[in-house]
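All remarks here apply to the structure that follows.
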Amino acid sequence: MDTPAPPEAVLFDRDGTLVLDVPYCADPELVRPVRAARVALDALRAADVPIGVVANQSGIGRGLIPAAAAAAVDRRVTDLLGPFDTWQVCPHAPDDGCACRKPLPGMVLVAAEELGVPPERVVVVGDIGSDVEAARAAGARAVLVPTQATRPEEIHAAPHVCRTLLDAVDYLLAPLAAR
């Protein structure tokens, strides 16, 4: 088996991947990082791999979360996990017909462009099939880190599955360590 090339950027889903999923979270005090999230992100930062967030936030479009509250939650994520090189948020409801909502590639493509990285050199790490499909649609690679919300068919369809976020980052950094 060939070792994949190291990523030039890594994009993360927010809820369920970087932080525990609190549906339609509008309260920054409810933000709790997943186990070892800061360690994993700091490993990428230490390797000079740009990182970003690509997050569907349909609660904004559905009128369940004010945009300002969602932004406060994002700031809390940054406070707890450190800086990100790009943040892409889809505020649309599922039926709005936007081009950014995962599983569509919009946020991944915009993030890659903002980072100056070709999409095929980007990896998207997420916890559900729409994260994997957004990566595929953009021409990026995907790593699935399953949670209780991940359906079995999503696990089987994922090109690469890691047990934890830290395992995913270790897998992504392995080609750099081999140099």
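Taking the criterion of being open to solvent by less than 30 Å² (accessible area, probe 1.4 Å) and either part of a loop (DSSP other than H, G, I, E, B) or small (Gly, Ala, Ser) (or both), the residues of the stretch 2-16 that qualify are PRO6, PRO7, ALA9, ASP13, ARG14, GLY16. Scanning the stretch 80-104 for residues that are of a type outside the set (S, T, N, Q) and open to solvent by less than 20 Å² (accessible area, probe 1.4 Å) turns up LEU81, GLY82, CYS90, ALA93, LYS102. One residue stands out among those in the stretch 65-85 that are free of Cβ contacts under 8 Å to residues at least 12 places away in the same chain and among the small types (Gly, Ala, Ser): the one that is farthest from ASP13 (Cα to Cα), which is ALA68. When ALA134, ALA149, ALA157 are checked against the criterion of being open to solvent by less than 20 Å² (accessible area, probe 1.4 Å) and either of a type in the set (Gly, Ala, Ser) or over 15 Å from ALA40 (Cβ atoms) (or both), a single residue qualifies: ALA134. Applying the condition of being surrounded by fewer than 19 Cβ atoms within 10 Å (Cβ to Cβ) and aliphatic (A, V, I, L, M) to the stretch 162-176 and asking which residue is modelled with the highest pLDDT yields LEU166.
Within the stretch 55-71, the set of residues being surrounded by 18 or more Cβ atoms within 10 Å (Cβ to Cβ) and either assigned to a strand (DSSP E or B) or out of contact with any His (no Cβ under 6 Å at 6 or more places or on another chain) (or both) comprises ALA55, ASN56, GLN57, GLY59, ILE60, ILE65, ALA70.
Just one residue in the set VAL19, VAL39, VAL34, VAL77 is under 20 Å from VAL145 (Cα atoms), open to solvent by less than 10 Å² (accessible area, probe 1.4 Å), touching a Leu at 6+ places or on another chain (Cβ under 7 Å) and β-branched (Val, Ile, Thr); that residue is VAL77. With respect to ALA112, is the statement that it is among the small types (Gly, Ala, Ser), open to solvent by less than 60 Å² (accessible area, probe 1.4 Å) and either assigned to a loop (DSSP other than H, G, I, E, B) or closer than 19 Å to ALA135 by Cβ (or both) true? Judged against the criteria, ALA112 is a match. How many residues, within the stretch 137-146, are surrounded by 22 or more Cβ atoms within 10 Å (Cβ to Cβ) and assigned to a helix (DSSP H, G or I)? Residues meeting the conditions: 1. Scanning the stretch 96-154 for residues that are in contact with a strand residue (DSSP E or B) (Cβ under 8 Å, 6 or more places away or on another chain) and on the phi > 0 side of the Ramachandran plot gives no hits.
Identify, please: which residue in the stretch 116-131 is assigned to a loop (DSSP other than H, G, I, E, B) and of a type outside the set (A, V, I, L, M) and is, among those, surrounded by the fewest Cβ atoms within 10 Å (Cβ to Cβ)? The selected residue is GLY116.
The values are calculated or read from the model by the stated rules, or taken from the named source; none is laboratory data. Here the structure is a predicted model, which is why all the values come from computation and not from measurement. A quick note on method: Cβ atoms are made from the backbone with ideal geometry, for glycine too, and the neighbour counts reach across all protein chains shown. Just the protein is used for accessible areas: all its heavy atoms, side chains included, with ligands, DNA and RNA removed. Shrake-Rupley method; radii C 1.70, N 1.55, O 1.52, S 1.80 Å.
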